[in-house]
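Okay, structure first, notes after.
The values are calculated or read from the model by the stated rules, or taken from the named source; none is laboratory data. The structure displayed is predicted, hence computed values, not measured ones. Because the Cβ atoms are built from the backbone with ideal geometry, glycine has one as well, and the counts that use them run over all protein chains shown.
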């Protein structure tokens, strides 16, 4: 398995819906735990997990050419964007 730096700089969604939920929940748990334990490492890891969950892009996944995004997730994102565009045109 090789690490490709060229893929790392491309911003393409590569995190699926289940992966996003797991990252978000575990990131929030780490953030809350870091508040009580004053652990900087847990704070940083929690922020990274929440950030990658929010943006839907993981630089490590890009570098290793891994993708957990399935076709259904892509279709759902496109449908949501089209629905939002239709709603804004009506207003």
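Taking the numbered list (1) modelled with pLDDT of 90 or more; (2) under 27 Å from residue 76 (Cβ atoms); (3) in contact with a helix residue (DSSP H, G or I) (Cβ under 8 Å, 6 or more places away or on another chain) in turn, residue 16 passes all entries but (1). Working only within the range 19-39, note down all residues that are more than 15 Å from residue 53 (Cβ to Cβ) and in contact with a helix residue (DSSP H, G or I) (Cβ under 7 Å, 6 or more places away or on another chain). The answer is 33, 34. Within the range 40-71, the set of residues being closer than 17 Å to residue 12 by Cβ, part of a helix (DSSP H, G or I) and in contact with a helix residue (DSSP H, G or I) (Cβ under 9 Å, 6 or more places away or on another chain) comprises 51, 52, 53, 54, 59, 60, 61, 62, 63. Tallying residues that are loosely packed, with under 10 Cβ neighbours inside 10 Å and at pLDDT 85 or above within the range 45-81 yields 0.
When the range 56-71 is examined, which residues are found to be touching a residue at least 24 places away in the same chain (Cβ under 8 Å) and under 20 Å from residue 21 (Cα atoms)? Passing the criteria: 56, 57, 58, 59, 61, 62, 66, 67, 68, 69, 70.
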